[in-house]
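**Student:** Shown below is the structure under consideration.
A short reminder: the numbers here are calculations on the coordinates, not readings from a lab. All values derive from a computational prediction rather than experimental measurement. No Cβ is skipped: glycine too gets one built from the backbone with ideal geometry, and neighbour counts run over all protein chains shown.
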Amino acid sequence: MSQTMEQIIPCYPLFQEAEYRSLLRNKAEQFENRYSPEDVDTTFHWSTTPEYKALNFSREALTVNPAKACQPLGAVLCALGFQKTLPYVHGSQGCTAYFRTYFNRHFKEPVACVSDSMTEDAAVFGGQKNLFAGLENAKALYDPEMIAVSSTCMAEVIGDDLNAFINNAKKEGRIPEEFPTPFAHTPSFIGSHLTGWDNMLEGVLRYFTLNEMADKEPGSNGKLNVVLGFETYLGNYRVIKRMLREMGVAYTLLSDPEMVLDTPADGKYRMYAGGTTQAEIKDAPNAIDTLLLQSWSLDKSKKYLKESWNHAVTPVDAPYGLAATDRFLMAVAQLTGKPIPPSLELERGRLVDMIADSHSWLHGRRFSIFGDPDFVMGMTRFLLELGAEPLHLLSHNATKRWAKGMEQLLSASPFGKEAEIHFGRDLWHLRSLLFEKKPDFLIGNSYGKELQRDTLHKGKEYEVPLIRIGFPIFDRHHLHRNATLGYEGAMYLLTTLVNEILARLDQETSIMGETDYNFDLIR
Amino acid sequence: MLTREKAESLIQEVLSVYPAEAGKERAEHLAVSSPGEESAGSCVTANRKSQPGVMTVRGCAYAGSKGVVWGPIKDMIHLSHGPVGCGQYSRAGRRNYYIGHTGINAFGTMNFTSDFQEKDVVFGGDKKLAKLLGEINTLFPLNRGISIQSECPVGLIGDDIEAVAKEQSALLQKPIVPVRCEGFRGVSQSLGHHIANDTIRDYILDREASSPAIDCGKYDVAIIGDYNIGGDAWSSRILLEEMGLRVVAQWSGDGTLAELERTSKVKLNLVHCYRSMNYISRHMEVKYGIPWLEYNFFGPSKIAESLRKIASRFDATIQEGAERVIAKYQDLSDAITAKYRPRLQGKRVMLYVGGLRPRHVIGAYEDLGMEVVGTGYEFGHGDDYERTVEDLKQTTLIYDDASAYELEQFVEKIRPDLIGSGIKEKYLFQKMGIPFRQMHSWDYSGPYHGYDGYAIFARDMDMTLNNPCWKMMKPPWQNSTC
């Protein structure tokens, strides 16, 4: 009997109790046909060797622990960023259950999204009937002002034509002709969640503006459009808007889910909140320009903005860290003619002050990073600014072009000499890299925790602690509410990095009678 | 108290918003059960296609196979065969605990995928699959076998994964199991359970065992349909062992290939989640003559009832063992009930879950003095509802494959004190100010099975129901008169 009334304990530490330890040991020894501890140990150590790394990197067909997801996930996030918009995924229903769950776990928020539940018959006859009923039902039950349709791989493989199906649904009177139904084909076997976000944005822009360009004139509304892309830090939407407000620049964020993914607990559920309005989308071609804050994942939207809206799409780097934020603000100032105000200079100065305060803990520290291409590049840029040394820079869903960009960035800095760039590689590749060359820390999403455990298993001196920055983060609360962009975001990143370093140092020096030195009160 | 009239008018109100066709279909899935009246269970239509666009919370056959049945077999590698998403979204999300060296001799929380690209869809994925199985075996030599969990495209492009599996299985000398659990098959996860059960039958039980045999005993049993969420199977196993039974296999939480293979020799199969594993239980009954028995290890009343029911299938030694176990834990469970019941007495609960829980947890709530006023299955069948109404002691709203809209409306009108459902529902109802527990993942707590689990269950229901946060929803100035 392991529970007591004094203290009711859950799985940990319940299963640490003697009777459960013995239960688990007996199960393993008697029934599991388990490999011997020696076999397990030998195999584990082999898996940390250069020999294993070579085998691991010669994989051609197998992916183990990917660091990317599929297109419609991105399409759903993009759709959530428009006012009163219901994301609708055409295809098998399990996908939608997964997308919602994935976002629920990260944001700790409800996520509305429907599927049209295609099954075997739809696989044979196509999913038009499902789409007819799906649009009609979704509109009746959830009263959206827009339904944004994307597709699962099932619908893509059988070749369903979203445009034709949606138009037919309207002709059939299932939903009114004028009801907004932008769409994007989002096959999950091409690209990643970033591709799906890009496709959905392009679909929305196209739907509302393609045939409405006659009276549009870039610059005529005096605003600036900003696209954040597949961005899961809600603070980033807020900080970009704040900086633009402080500059006195009118703006439109094209897809802005920060409200709907952060609704209050006040007794009422809001399925819809905030988001870019249809009026804003329609007026967006009149803006001075559209800035894309993810330079590696928005190709399709960029093409549309240039060709259809005649926007210059002035290139900017994702504003991670000091210099990229400086350049972002200067680009905004140049495009709009509005000066960068003292309030932002003050904020910048505070960031520089923080960097100066913390530099001695960051200088020369080695970090490996994994994640989406713009995130990895942005973090790398910031680390170089801090005098830290990036080591392994891995982006599963990046391209050769990205790798070239990374090379340029690294070669321009004295701190980038040791860095290795990896694209199209997964987290099992990263595992071999971490055993080969140990960084001080790993920066990435929650999936990195198994890498920390793997390296720890080899010995404390091999352990690579994970610093959770990225998406998804399932095992820590509320981090997604912070900003990682702008000066404010850099302050959050800097604070996180330096304090993780200091916490780690405390942990390493807290052995009484052994490491009494460097266990300092003041740092 | 929910009355039949109120519940029925609520159903009508909810249905009125649907377009005609969908409303007519949905009407068949909603019912009111009142004790003493004609069973409502048989009146509920279940296991039908979800209506398009209504926001069903259901998943797919792949989720039922990879996510539920196969995934927890820890010493095999389960390949998500197709595009990258399915394996990523289902990675390590279900909390089926296991002990092992992940990546070396256990693989449960990892994601192995063929990451289909356009060329694989166009030219077929069989060659890639064959190569990949070899790569798995090179890099993870201690795997005991591989299952191929098909995602949607596999079944649409005409791949012959059975042929690849057969060829590679011979080559690698390990079981390689092709599973046709493409997500578009069937109407929910449920068909995935069935398909997975059938493949265990065909590719594991019907083949020569790859693990050494063990001596059989007269008290050998297997736990069937316990996925060890939060350690449930362990807090169940401990009771069965204490009463003198020998648990030879766990299906499939913390399970191994050897355990699956040896189950055909047990004396009795103990079935917890009937929905997901009745198929294999029936098969073993027919083929090996192994009887099966459903049991319920939620809450002391059902636990004691189940222990006695299980013991009745054995001799006096085991029957004495059952009484000994019940007596041993009596004080603890009484003390827990005495502590928490006064805090939870009379509280009304609405459930909307999957598998066995919409009925199995009712007894545990009743042990704590709580009343279940609404319940439903995401992917149940008619026999689940028949089993459920037997357990209902008062007028209860029944909803099958409820849409998000229906649930929200029902909850809004009934205003239960607690909701037990899943993560897709959790945050919505919390914002409405209604205490909520995830009853799939135990909300990152557990185990809930067995006596040790009952203590945690009681603690968790109390901490959520009586947490101060539910009284914070309104700012104080909104209540002031000035």
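**Student:** Counting Lys +1, Arg +1, Asp -1, Glu -1, what net charge surrounds B:Ala222 among other residues with beta carbon under 9 Å of its beta carbon?
**Tutor:** Net of charged neighbours comes to -1.
**Student:** Per residue of the stretch A:53-60, in order, report the coupling 6.51 cos²θ - 1.76 cosθ + 1.60 (Karplus, θ = phi - 60°) as ³J(HN,Hα) in whole Hz, putting x for Gly and Pro.
**Tutor:** Running phi through 6.51 cos²θ - 1.76 cosθ + 1.60 with θ = phi - 60° gives 4, 4, 4, 4, 7, 8, 4, 10 Hz.
**Student:** If you take every DSSP beta bridge fully contained in the protein assembly as shown, what fraction is antiparallel? Give it as a percent rounded to 5.
**Tutor:** 10 percent
**Student:** Could you compute the net charge surrounding B:Asp384? Neighbours are other residues with a C-beta less than 13 Å from the C-beta of B:Asp384; K and R count +1, D and E count -1.
**Tutor:** Result for the local shell: -4.
**Student:** Using the Kirkwood formula on the Cα atoms of chain A, what hydrodynamic radius do you get, in angstrom to one decimal? Each step should come with its number before you reach the end.
**Tutor:** Working: mean 1/r = 0.0396 Å⁻¹.
Evaluated on chain A, it is 25.3 Å.
**Student:** On to the next question. Let me know the Rg and Dmax you get for the stretch A:9-76 when you use only its Cα atoms, in Å.
**Tutor:** Rg, Dmax (Cα atoms, Å): 19.4, 50.
**Student:** If you take the C-alpha gyration tensor of the stretch B:270-342, multiply each eigenvalue by 5 and take the square root, what semi-axes do you get, largest first, in whole Å?
**Tutor:** Numbers: eigenvalues 167, 57, 6 Å².
Each semi-axis is the square root of five times an eigenvalue, giving 29, 17, 5 Å.
**Student:** Please give the average number of partner chain Cβ atoms lying within 10 Å of the Cβ of each residue in B:104-111, rounded to a whole number.
**Tutor:** Average per residue, whole number: 5.
**Student:** For chain A, what is the relative contact order in percent, using Cα pairs closer than 8 Å and at least 6 residues apart in sequence?
**Tutor:** The value is 15 percent.
**Student:** What is the stretch B:41-86 by shape, rounded, prolate or oblate, if you read a ≥ b ≥ c off the alpha carbon gyration tensor as root eigenvalues and call it rounded for a/c under 1.5, prolate for a/b larger than b/c, and oblate otherwise? Walk me through the numbers on the way to the answer.
**Tutor:** On the way: a/c = 4.18, a/b = 1.78, b/c = 2.34.
Oblate, since a/c reaches 1.5 and b/c is not below a/b.
**Student:** Also, I was wondering about something else. For peptide B:55-65, what's the mean number of Cβ atoms from other chains within 10 Å of each residue's Cβ?
**Tutor:** Mean partner-chain Cβ count within 10 Å for B:55-65: 6.
**Student:** What translational diffusion coefficient, to the nearest whole µm²/s, does the stretch B:240-365 have by Stokes-Einstein, given a Kirkwood radius computed over alpha-carbon pairs, a temperature of 10 °C and 1.306 mPa s viscosity?
**Tutor:** Approximately 98 µm²/s, per Stokes-Einstein.
**Student:** Out of every Cα-Cα pair in the stretch B:141-240, what percent are more than 18 Å apart?
**Tutor:** Every Cα pair in the stretch B:141-240 considered, those over 18 Å come to 62 percent.
**Student:** Listed highest first by mean packing, meaning other Cβ atoms within 10 Å per residue, what order do A:457-463, B:192-198, B:369-375 come in?
**Tutor:** Top of the packing list down: B:192-198, B:369-375, A:457-463.
**Student:** Shifting gears a bit: What is the packing order of peptides A:337-343, B:458-464, taking the mean over residues of other C-beta atoms within 10 Å and listing the highest first?
**Tutor:** Ranked from most to least packed, the peptides come out as B:458-464, A:337-343.
**Student:** HN-Hα J couplings of the stretch A:16-21 from phi, Karplus 6.51/-1.76/1.60, θ = phi - 60°, integer Hz, Gly and Pro as x?
**Tutor:** Using θ = phi - 60°, the values come out as 7, 4, 4, 5, 6, 4 Hz.
**Student:** Here's a follow-up. Hey, what does the equivalent ellipsoid look like for the stretch A:69-112, semi-axes from the Cα gyration tensor as sqrt of 5 times each eigenvalue, largest first, whole Å?
**Tutor:** 15, 14, 9
**Student:** Per DSSP H run of n ≥ 4, the term is -39500 (n - 2.57); total these for chain A, divide by its residue number, and report the mean residue ellipticity at 222 nm rounded to 500 deg cm²/dmol.
**Tutor:** Numbers: 21 runs with 248 residues, N = 523.
It lands at -14500 deg cm²/dmol.
**Student:** Let me ask something additional. Would you give the gap between the C-alpha center of the stretch B:287-353 and the C-alpha center of the stretch B:232-286, rounded to a whole Å?
**Tutor:** So the two Cα centres are separated by 17 Å.
**Student:** Here is a further query. Evaluate peptide B:452-459: per residue, the Cβ atoms of other protein chains within 10 Å of its Cβ; return the mean as an integer. Walk me through the intermediate numbers first.
**Tutor:** Working: counts 12, 4, 2, 10, 6, 1, 1, 5.
Mean number of neighbouring Cβ atoms from other chains: 5.
**Student:** For the stretch B:291-331, what is the per residue volume of the convex hull drawn over the alpha-carbon atoms, in cubic angstrom?
**Tutor:** Once divided by residue count, the hull of the stretch B:291-331 is 49 Å³.
**Student:** Right, something else. Just round it to a whole percent: the fraction of Cα-Cα distances in the stretch A:205-286 exceeding 17 Å.
**Tutor:** I get 54 percent for the Cα pairs in the stretch A:205-286 exceeding 17 Å.
**Student:** Using a/c under 1.5 as the rounded threshold, could you call the stretch B:1-108 rounded, prolate or oblate? The axes a ≥ b ≥ c are square roots of the C-alpha gyration tensor eigenvalues, and prolate needs a/b larger than b/c, oblate otherwise. Working shown, then result.
**Tutor:** Details: a/c = 3.64, a/b = 2.21, b/c = 1.64.
The shape class here is prolate.
**Student:** On to the next question. Starting from the Cα gyration tensor of chain B, multiply each eigenvalue by 5, take the square root, and state the resulting semi-axes largest first in whole Å.
**Tutor:** They are 38, 29, 21 Å, listed from largest to smallest.
**Student:** With θ set to phi - 60° and the Karplus curve 6.51 cos²θ - 1.76 cosθ + 1.60, what are the ³J(HN,Hα) couplings of the stretch B:8-13 in order, to the nearest whole Hz, using x for Gly and Pro?
**Tutor:** Couplings: 5, 5, 5, 4, 4, 4 Hz.
**Student:** Rank these for me by crowding, A:His477, B:His81, going from fewest to most other beta carbons within 10 Å.
**Tutor:** In increasing order of surrounding Cβ atoms, one gets A:His477, B:His81.
**Student:** Also, I was wondering about something else. List A:Asp426, A:Asp143 from most exposed to least, where exposure is judged by having the fewest other Cβ atoms within 10 Å.
**Tutor:** The order, fewest Cβ neighbours first, is A:Asp143, A:Asp426.
**Student:** Once amide H atoms are placed 1.01 Å from N in the peptide plane, what residues at a sequence separation of 5 or more from A:Ala287, or on another chain, have their amide H within under 5 Å of its amide H?
**Tutor:** Residues meeting the criterion, in which the H sits 1.01 Å from N, are A:Gly219, A:Asn221.
**Student:** Considering amide H positions built from the backbone, and no H for Pro or chain starts, which residues 5 or more places from A:Val226, or on another chain, come under 5 Å of its amide H?
**Tutor:** A:Thr252, A:Leu253, A:Leu254, A:Leu291
**Student:** In Å, what is the Rg of the alpha-carbon atoms in the stretch A:88-226, and how long is Dmax?
**Tutor:** Radius of gyration, then largest Cα-Cα span, for the stretch A:88-226: 16.1, 52 Å.
**Student:** If amide H atoms are built 1.01 Å from N in the plane of the peptide, which residues on other chains or at least 5 residues away come under 5 Å of the amide H of B:Ala106?
**Tutor:** B:His101
**Student:** Rounded to the nearest 500, what is chain B's calculated 222 nm mean residue ellipticity when only DSSP H runs of at least 4 contribute -39500 (n - 2.57) each, over all residues?
**Tutor:** Result for chain B, helices only: -12500 deg cm²/dmol.
**Student:** For the stretch B:320-371, report the convex hull volume of the alpha-carbon atoms normalised per residue, in Å³, without decimals.
**Tutor:** Cα-based convex hull of the stretch B:320-371, divided per residue, equals 81 Å³.
**Student:** What order do you get for A:Glu508, A:Glu514, A:Glu258 when you list them from fewest to most C-beta neighbours inside 10 Å? Spell out each step's value before the answer.
**Tutor:** Numbers: A:Glu508 13, A:Glu514 8, A:Glu258 23.
Ranking A:Glu508, A:Glu514, A:Glu258 by Cβ neighbours within 10 Å, fewest first, gives A:Glu514, A:Glu508, A:Glu258.
**Student:** If one takes the longest principal axis of the Cα atoms in chain A, at what angle in degrees, from 0 to 90 and to the nearest 10, does the Cα axis of helix A:193-209 lie?
**Tutor:** 20 degrees
**Student:** What ranking, highest mean first, results for peptides A:95-108, B:288-301, A:21-34 when packing means the other Cβ atoms within 10 Å averaged over each residue?
**Tutor:** Highest mean packing first, the order is A:95-108, B:288-301, A:21-34.
**Student:** Something else: Please report the net charge: other residues with Cβ closer than 13 Å to the Cβ of A:Asn65, K and R +1, D and E -1.
**Tutor:** That works out to +3.
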